[in-house]
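Derivation of every value follows stated rules applied to the coordinates shown; laboratory data play no part. Just so you know, these numbers come straight off a predicted model, no measurement behind them. Here the Cβ positions follow ideal geometry from the backbone for every residue, glycine too, while neighbour counts run over all protein chains shown.
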Amino acid sequence: MREYNDLVKLAERAALRAADYVRGAARPAVHTWTEKSQHDFVTEVDRAAEGMIAEEIARAEPDSVIVGEELSPKRGIRGELVWIVDPLDGTTNFLHGYPQYAVSIACLVEGKLAAGVIHDVCRKRTYRAIRGGGAFEESTRLGVSAVIDPRRALIGTGFPFKALNLLHVYLAQFAAVIGAASGIRRAGAAALDLADVAAGRLDGFWELSLAPWDVGAGALLIREAGGIITRPEGATDVLSTDGPVVAGNSAIHKWLMDLLRKS
């Protein structure tokens, strides 16, 4: 546990440094935005923030493998100590001044999630999770929602904006969920959506195409808060490749998986 505590402290230190930089950075002019793929933007702010995180981690743990969305996205998630980094989850929100974006850092020890930190940049709130040690928002221990009736459930989601070939599948799922739950929310930063599941503000969540850096820290938060996050078919490995995820407390997770399959 002591080793994991040290790792989460390092992740928090790196996340706070990057978040301080992002908060103080001017929003880049629209002509400087780079489109990595359709609807997926990146700027020098993203790259600089990731560089700061990598520097902080490498200084403390020089033998680490760092897999970051902007600077090393194709690096394999292999090694004794691996960090999965999203320096600015919700870049489009940041670019438009929409206050929902975060820094997300997860750490794997020998292939297993050991520590995770998500820092809500606009609200200055830090979420942290330690394998076997619980999940916290600042000093408050987190627990997933107790809602078990889908008719009372609030479900988070994300649009498949980088995989429009899946839009017809998603729209059928969206129609099924909105017809059976009390509401759906889409705020545009998956890391914060997953933190909201861990905190019980959302009862469940699904999205069709997320990368490992989108879900690494959030997955550990949810599991340490007593929830479940899997692939739609039930596989627990949500980090090996890009793909869909389903999350929630045990009742809502099962209901959501069954509903999505039928849709």
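Angle check, please: helix 44-60 long axis (alpha carbons) against the longest principal axis of the chain (alpha carbons), in degrees 0 to 90, nearest 10. Roughly 70 degrees between the two axes.
Convex hull volume of the C-alpha atoms in the range 72-208, normalised per residue: 134 Å³.
Positive end of the dipole of the range 150-262 (Cβ unit charges, origin at the Cα centre): among Ile228, Ala175, Gly188, the Cα lying farthest that way belongs to Ala175. Can you give the helix-only mean residue ellipticity at 222 nm for the chain, where every DSSP H stretch with n ≥ 4 adds -39500 (n - 2.57) and the sum goes over all residues, rounded to the nearest 500 deg cm²/dmol? Mean residue ellipticity at 222 nm (helix-derived): -11500 deg cm²/dmol. Set against the 2.2 N^0.38 Å expectation for a compact globular protein, the range 193-263 has a Cα radius of gyration ratio of 0.97. Of all lysines in the structure, the ones whose alpha carbon falls short of 16 Å from that of Lys254, not counting any fewer than 8 places away in one chain, are Lys262. Taking GluC sites (Glu not before Pro) that fall in a DSSP loop and have at most 12 other Cβ atoms within 10 Å as cut points, what is the longest piece of the chain between them? Formally, the longest exposed-site-free interval is 139-232.
Among Asp149, Asp120, sorting on how many other beta-carbon atoms sit within 10 Å of each Cβ, with the fewest leading, yields Asp149, Asp120.
Under a model in which nothing but the beta-carbon of Lys, Arg (+1) and Asp, Glu (-1) is charged, the chain shows a dipole of about 640 debye around its Cα centre.
Between amide H atoms placed 1.01 Å from N, distances below 5 Å from Glu61 occur with no residue 5 or more places distant or on a separate chain. In the range 1-128, inverting the average of 1/r over every pair of distinct C-alpha atoms gives 14.8 Å as the Kirkwood radius.
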